[in-house]
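Inspection log for the structure reproduced underneath, given as structure tokens.
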Amino acid sequence: MQLSTERQDRLIRWLTASGIYYICLIAFYIDIGQDMGAEYFIPVFLPVVLALVLVQYGTRVPLFSWATLPNLFTGLAWCSAFPLLYTWTYHQDWYMSKICFDFLVGTSLFLLLTALEGALFRLGHEKIIAFFMALLNLFGIVIPFIQYAYYFIVWHCLSPASLMALYLTNWRESIDFIESNVGVVPACFIIAGLALFLYACWRGHMAFARRLEQEDSTAGRMGALALLVIGSLVSLWWYVPQTSIADLWNDVDTYVKQTQTYSLNYEERFASLSIEGTQALAAKSPGTVIVVIGESASRNYMKAFTNDYAYDDTPWQSQQKANPDFLFFQNAYSSWSQTVPVLQRALTEQSQYNDKEFFNSASILDVAKKSGYDTYWFSNQGRYGQYDSAITLVAKTADHAEWTDDSYNFSDKYDETLLPYLTQVDPAKNNFIVLHIMGSHIYYNNRYPESFNKFQGEEGSSTMTSEASYANSILYTDYILSQVFDYAKKNLNLQAMVYFSDHGENLTISHNPDVFSFDMVRIPMWIYLSPSYQSALPGRTAALRSHESRYFTNDMLYDTICGLLNAPSERYDPGQDFTSTSYRFNRDNLTTMLGQYKLSTDPDGNPEQ
């Protein structure tokens with residue numbers, strides 16, 4: 001069959017446009033240093049070009065035109081987002097196969113939207129269909145938009161750590177993140193921009209409809225569009241789960257679901273834990289042990305740990321430094337800069353220095369129970385997200401577990417709300433109590449009542465994220481610690497009390513692991529030992545005193561609690577126990593960020609004796 005000159009011209013234009021699309025994207029990947037490799041881009045050349053020609057044949061709309069721009073923009077956003085942002089972040093190659101999958105998904109999305117639009121407009125109702133297509137464009141750019149937005153907030157592409165935070169977050173924390181990192185006014189501009197994008201897409205789709213009116217529909221063209229819709233859907237179904245961002249999300253999803261197995265074999269795991277009760281602290285010196293878990297407290301901004309700090313924000317703790325029953329550890333660090341990864345290790349056998357898995361590990365609550373304590377978990381933090389976090393899974397194993405806000409939201413209550421819970425504890429029994437406070441979680445000014453608004457920042461500084469507000473939150477935590485201590489000492493026969501923070505804080509960028517700095521992991525830690533405790537366990541006491549300037553990471557808290565309770569077992573490593581003379585770590589062999597950084601590389605690290 002001989003083609004007319006007009007048809008030949010059209011075919012040449014379609015082929016040229018398709019070739020330009022393909023070549024430009026390949027050139028883009030090569031230019032940013034992410035060549036997808038000949039073994040990937042050559043096999044997809046013909047299918048991609050033919051599909052692009054087919055969509056132009058079915059719609060009679062040029063590939064590069066105002067009418068196709070909304071769909072083209074949506075597809076290119078997928079093609080470019082992860083490869084470009086990964087390159088800008090790490091300046092190294094990503095997997096060639098993943099680059100190819102991102103390219104195919106973006107292209108398939110463009111083809112699907114354009115073919116679907118070409119078919120739907122034949123039904124009439126142009127304005128409604130144009131609006132529907134604009135909504136699909138908006139929906140289609142959500143994931144690329146999140147990637148780009150995150151990058152321009154923290155100058156780092158989305159990573160498993162940031163996706164983990166996203167996976168386990170709730171709407172209140174999301175709002176806090178947006179307000180603190182973006183701001184209300186910029187966020188309003190972004191919303192207005194998205195609305196403008198929606199309107200521009202609608203105008204583009206209306207132009208598409210006008211182009212279609214100029215051409216008659218035929219069975220061949222409608223068949224081509226139907227084939228493209230089906231083919232694109234199959235392509236998206238197959239390749240989307242293999243894209244770069246989906247691959248990272250699947251890793252996070254697998255991890256979260258794996259942690260849920262913690263409860264499955266709990267009874268068997270608990271039964272296998274063997275502790276000699278007659279030698280435990282509960283038998284030698286009965287009473288109460290308290291562990292207080294702080295939030296986002298950095299010793300950089302605490303007078304008790306940093307003598308030259310400008311704000312006197314730890315009056316009670318500073319006073320206790322002169323008390324021989326208190327031991328302040330000047331070189332404590334967290335194992336990570338986010339709460340869940342830190343505490344799933346601090347509360348269980350799992351640490352940076354062993355190959356144990358969370359879901360197979362015993363916890364400090366298990367050890368306390370086996371040692372003869374009634375166990376309590378009182379929290380002023382919510383339970384986070386779709387699944388129970390690792391923290392909640394451990395907390396639920398306590399004999400008594402309560403949250404001030406028993407929901408999946410961060411609490412907006414002050415930490416003093418926890419104090420009445422202590423009255424539930426029977427003073428005649430051996431008690432092990434964990435208190436999880438909100439501490440200095442951003443926004444800092446939301447963490448303390450007006451009566452603790454002692455320090456004022458410079459005029460014009462934000463009350464939500466200023467250093468003065470942070471110091472006020474630390475001041476309030478200092479008060480909470482004093483109240484817990486005083487009540488327990490007077491009413492609960494307090495034998496030992498431990499305070500540490502989950503992680504630290506950078507007052508400019510909070511504690512995002514994608515933009516790490518050491519102040520995110522420098523944490524406060526101290527232990528109180530009663531005179532009775534010191535008499536009952538002089539060896540543990542002496543070891544702790546000798547370690548006051550030693551380096552420590554809080555993922556070894558589990559073994560340290562085992563030692564503190566004098567409750568060794570087959571699930572105990574004395575080398576990770578700060579109360580043991582066998583403690584084997586120092587500044588040179590300790591790490592943070594799950595092994596990514598040696599503590600010896602901290603430029604502001606203190607001397608170790």
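The values are calculated or read from the model by the stated rules, or taken from the named source; none is laboratory data. Quantities reported herein were computed from a predicted structural model and do not represent experimental measurements. In this analysis, Cβ positions are derived from the backbone assuming ideal geometry, glycine residues included, and neighbour counts consider all displayed protein chains. The accessibility values were calculated without ligands, DNA or RNA, using every heavy atom of the protein model including side chains. Shrake-Rupley method; radii C 1.70, N 1.55, O 1.52, S 1.80 Å.
Computed values, structure above
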{"item": "Total residues in region 480-498, condition surrounded by fewer than 17 Cβ atoms within 10 Å (Cβ to Cβ) and in contact with an Asp or Glu (Cβ under 8 Å, 6 or more places away or on another chain)", "result": "1"}
{"item": "Flag for L25 being of a type in the set (A, V, I, L, M, F, W, C) and under 36 Å from the mean Cα position of the chain (by Cα)", "result": "yes"}
{"item": "Residue match in region 130-143 (condition: surrounded by 21 or more Cβ atoms within 10 Å (Cβ to Cβ), in the same structural domain as H156 (by the TED database) and over 37 Å from the mean Cα position of the chain (by Cα))", "result": "yes"}
{"item": "Where a residue in region 231-256 is in a loop (DSSP other than H, G, I, E, B) and its partner, wherever it lies, is among the charged types (D, E, K, R), with Cβ under 8 Å and at least six apart", "result": "T243/K98; T243/D102"}
{"item": "Matching residues in region 348-365 - criterion: being part of a helix (DSSP H, G or I) and open to solvent by 10 Å² or more (accessible area, probe 1.4 Å)", "result": "F359, N360"}
{"item": "Whichever residue in region 318-347 is under 28 Å from the mean Cα position of the chain (by Cα) and over 24 Å from R587 (Cβ atoms) and, among such residues, is surrounded by the fewest Cβ atoms within 10 Å (Cβ to Cβ)", "result": "V340"}
{"item": "Hits in region 529-545 - residues which are without any contact (Cβ under 8 Å) to a residue 24 or more places away in the chain and under 36 Å from the mean Cα position of the chain (by Cα)", "result": "none"}
{"item": "Members of region 461-479 found to be in a loop (DSSP other than H, G, I, E, B) and free of Cβ contacts under 8 Å to residues at least 60 places away in the same chain, listed by number", "result": "S461, S462, T463, S466"}
{"item": "Selected residue (only one of T560, T581 is of a type in the set (V, I, T), open to solvent by 30 Å² or more (accessible area, probe 1.4 Å) and either at negative phi or not in a helix (DSSP H, G or I) (or both))", "result": "T581"}
{"item": "Criterion (at pLDDT 95 or above, in a helix (DSSP H, G or I) and of a type in the set (G, A, S)) met by exactly one of S549, S482", "result": "S482"}
{"item": "Qualifying positions in region 66-100 - modelled with pLDDT of 90 or more and open to solvent by 30 Å² or more (accessible area, probe 1.4 Å)", "result": "W66, L69, F73, L76, W78, W88"}
{"item": "Qualifying position, being under 30 Å from H91 (Cα atoms), modelled with pLDDT under 85, in contact with a Phe, Trp or Tyr (Cβ under 7 Å, 6 or more places away or on another chain) and not polar (S, T, N, Q), among L158, L168", "result": "L168"}
{"item": "In region 204-242, the residues that are open to solvent by less than 20 Å² (accessible area, probe 1.4 Å) and modelled with pLDDT under 90", "result": "L212"}
{"item": "Hey, T591 assigned by the TED database to the domain that holds I437, open to solvent by 10 Å² or more (accessible area, probe 1.4 Å) and touching a strand residue (DSSP E or B) at 6+ places or on another chain (Cβ under 6 Å) or not", "result": "yes"}
{"item": "Residues satisfying the stated conditions in region 305-323, i.e. within 16 Å of G439 (Cα to Cα) and part of a loop (DSSP other than H, G, I, E, B)", "result": "D313, T314"}
{"item": "Some residue of region 499-519 being under 22 Å from S580 (Cα atoms) and either open to solvent by 10 Å² or more (accessible area, probe 1.4 Å) or β-branched (V, I, T) (or both)", "result": "no"}
{"item": "Matching entry among A542, A468 (being crowded, with 17+ Cβ neighbours inside 10 Å and out of contact with any Cys (no Cβ under 8 Å at 6 or more places or on another chain))", "result": "A468"}
{"item": "Answer from A226, A195, A209 - the residue that is without any contact (Cβ under 8 Å) to a residue 12 or more places away in the chain and in the same structural domain as V44 (by the TED database)", "result": "A195"}
{"item": "Residue match in region 426-446 (condition: aliphatic (A, V, I, L, M), farther than 21 Å from I480 by Cα and in the same structural domain as M302 (by the TED database))", "result": "yes"}
{"item": "Cβ pairs under 8 Å, 6+ apart, first in region 32-58 and in the same structural domain as Y90 (by the TED database), second crowded, with 17+ Cβ neighbours inside 10 Å and not in a helix (DSSP H, G or I)", "result": "Q34/W94; L52/L63; V55/L63; Q56/L63"}
{"item": "Region 268-317, residues that are among the hydrophobic types (A, V, I, L, M, F, W, C), under 25 Å from W336 (Cα atoms) and open to solvent by less than 20 Å² (accessible area, probe 1.4 Å)", "result": "I290, V291, V292, I293, A297, M302, A304"}
{"item": "Complete set of residues in region 17-56 that are open to solvent by less than 70 Å² (accessible area, probe 1.4 Å) and not aliphatic (A, V, I, L, M)", "result": "S18, G19, Y21, Y22, F28, Y29, G33, Q34, D35, G37, F41, Q56"}
